[in-house]
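Every number here is computed from the coordinates shown, using simple stated rules; none is lab data. Quick caveat, the model's predicted, so the values are computed rather than measured. Methodologically, a virtual Cβ is constructed for each residue, glycine included, from the backbone with ideal geometry; neighbour enumeration extends over all protein chains shown.
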Amino acid sequence: MEIAAIIVAAGRGTRAGAGLPKQWREVAGASVAQHTVAALQGHPRITQCLLVIHPDDHAQAAEIAGVELVHGGATRDASVRAGLEALAARAPEYVLIHDVARPLVSHDVIDNVIDALATSSGAAPALPVTDALWHGADGQVTGTQSRAGLYRAQTPQGFHFDPILAAHRGLQGSAADDVEVARMAGLDVAITLGDETNMKITGPDDFARAERLIRDRAKEQAMDIRMGNGFDVHAFEDGDHVILCGVRIPHSRKLKGHSDADVGMHALTDAIYGALAEGDIGQHFPPSDPQWKGAASDIFLRHAVALAGKRGFRLANVDVTLVCEYPKIGPHALAMREALAEIMGLDLDRVSVKATTSERLGFTGRSEGIASLASATLIRD
């Protein structure tokens, strides 16, 4: 699925005080725009990213790698439309429209918006208003306002591409944001969960707060360690060998399964998916799909490792335990470690394969099959 992100950065940001427009001011070692672009570009579901800029800002914007530059207009509406028109010839299925002044948008906020588009024409993050609301004049409270049903809007605001392009093309006058444009065109917009840290830099004091939040997030990400566990079982059937952790071992029976039934590699693959909260093998490679009939299990493991890398994680170490009476694992353990290390791109001393029996108890003790347990540790660099 093609999902584009348009980052609106053509404004002058006069409320932020004197100096460069706020999107080009430095916060935590980079410009606000660089932080914002990185947040969108780093999301695994976003396939292309456009930055809509003021024509005078081309020199600053050109320093940001991997983003397409589009000149905006005199208003936010005009800038968003310029971005949409730039995408029209290669129309994505979804488009996310995001304010450059929100550099702390998280993957969770983005995912919430994208997921909501499966059942709605539009979706946008927001937080319910929890403070009391007053009307006032001349420094005096003149009345109150119920906060029931009120929300604080955030971005990115996501839409099916063709309807929001048509809505902008048909816009008469101006709108506060793209949700208003969509609603004026009769599109439904779902409210998704926003985040307090998804702040908008508006005034001078916001830069210091954004700096603290960016640095705090960097520390948290530097310490992001994930652990996952996997478990798998395969029964024996007639055959002359088993495949365990990528190694073919002669045996009086083989393991039964839709793929090559490598119970050790399956448990390890599920451990990696588990650390990423990405389900299990069956979700990524359904056994009902005939293309995986007899497939080598390294396909599944390589996919899990690649997914971890795409999410910004690397494997620190893995540990596999095979539970069986026969075949004996010890003579083959080193070859198994070497096979797994090659597939995952790990040093041998980070890959453990060991075996145990169940003291002749249960199905493994009766030699009816083999079970495997695995653990994986992932670290975000």
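Here the calculated FRET efficiency for Thr202 and Ile225, from their Cβ-Cβ distance with R0 = 41 Å, stands at 0.70, rounded to the nearest 0.05. Our coupling estimate for the range 259-272, obtained by passing each phi through the Karplus curve with A = 6.51, B = -1.76, C = 1.60 and θ = phi - 60°, is 9, 7, 6, 6, 4, x, 5, 5, 4, 5, 4, 5, 5, 5 Hz, Gly and Pro reported as x.
Only Lys, Arg, Asp and Glu carry charge here, each on its Cβ (+1 for the first two, -1 for the last two); on that basis the range 3-221 has a dipole of about 200 debye about its Cα centre. Size descriptors for the chain (Cα atoms only): Rg and Dmax, in that order, 26.8, 91 Å. Between the range 88-155 and the range 33-85, how far is it from one alpha carbon centroid to the other, in angstrom? Rounded to whole Å, the Cα centres lie 20 Å apart.
Mean residue ellipticity at 222 nm, helices only, the chain: -9000 deg cm²/dmol; runs of at least 4 DSSP H residues each add -39,500 (n - 2.57), and the sum is divided by the number of residues. Under the combined filter of DSSP loop state and at most 15 neighbouring Cβ atoms within 10 Å, the range 56-157 retains these GluC sites (Glu not before Pro): Glu63, Glu93.
The phi torsions of the range 354-364, fed into the Karplus equation with coefficients 6.51, -1.76 and 1.60 and a -60° offset, translate into couplings of 9, 9, 8, 9, 10, 6, 6, 9, x, 5, 6 Hz, rounded to whole numbers, with Gly and Pro shown as x. Pairs of Lys residues in the chain, spaced 8 or more positions apart or belonging to different chains, with C-alpha separations under 28 angstrom: 15 in total.
Looking at the range 220-321, the trypsin sites (Lys or Arg not before Pro) that sit in a DSSP loop and have at most 13 other Cβ atoms within 10 Å of their own Cβ are Lys256, Lys293.
Extension gain, Glu63 to Leu334: 0.36 nm times the residue separation minus the Cα-Cα distance gives 92.7 nm.
Computed from label points 7 Å out along Cα-Cβ, the spacing between Arg360 and Ala218 is 6.2 nm.
If R0 is taken as 56 Å, the Cβ-Cβ distance between Ala166 and Arg350 corresponds to a FRET efficiency of 0.55. Computed from Cα atoms, the angle from the helix 32-41 axis to the main principal axis of the chain rounds to 40 degrees.
Note on the range 3-221: Kirkwood hydrodynamic radius from all Cα pairs is 18.0 Å, rounded to one decimal. The label-point distance for Met1 and His107, in a model that sets each label 7 Å from Cα toward Cβ, rounds to 1.7 nm. Modelled spin labels at Leu307 and Arg90, positioned 7 Å past Cα toward Cβ, are 2.7 nm from each other.
Please identify, among Leu171, Leu361, Leu348, the residue showing maximal mean-square fluctuation in a Gaussian network model of the chain using a 10 angstrom Cα cutoff. Ranking Leu171, Leu361, Leu348 by mean-square fluctuation puts Leu361 first.
Placing unit charges on the Cβ atoms of the charged side chains and taking the dipole of the chain about its Cα centre, the candidate lying farthest along the positive direction among Ser297, Val242, Ala222 is Ala222. Determine the shape class of the range 168-229: with a ≥ b ≥ c the square roots of the Cα gyration tensor eigenvalues, call it rounded for a/c under 1.5, and otherwise prolate if a/b is greater than b/c, oblate otherwise. Here the range 168-229 falls in the oblate category. Between Gln283 and Ala176, what FRET efficiency comes out of the Förster formula 1/(1 + (r/R0)^6) with R0 = 51 Å and r the beta carbon distance, rounded to 0.05? It comes out at approximately 0.80.
Each other residue within a Cβ distance under 14 Å of Glu237 adds +1 if Lys or Arg and -1 if Asp or Glu, for a net charge of -1.
Among DSSP beta bridges whose residues both lie in the chain, state the antiparallel percentage, nearest 5. The partial results should precede the final answer.
Numbers: 44 of 71 bridges.
Taking every DSSP beta bridge within the chain, about 60 percent pair in antiparallel fashion.
Here the dipole of the range 225-380 is about 320 debye; that uses its Cα centre as origin and unit charges on the Cβ of Lys and Arg (positive) and Asp and Glu (negative).
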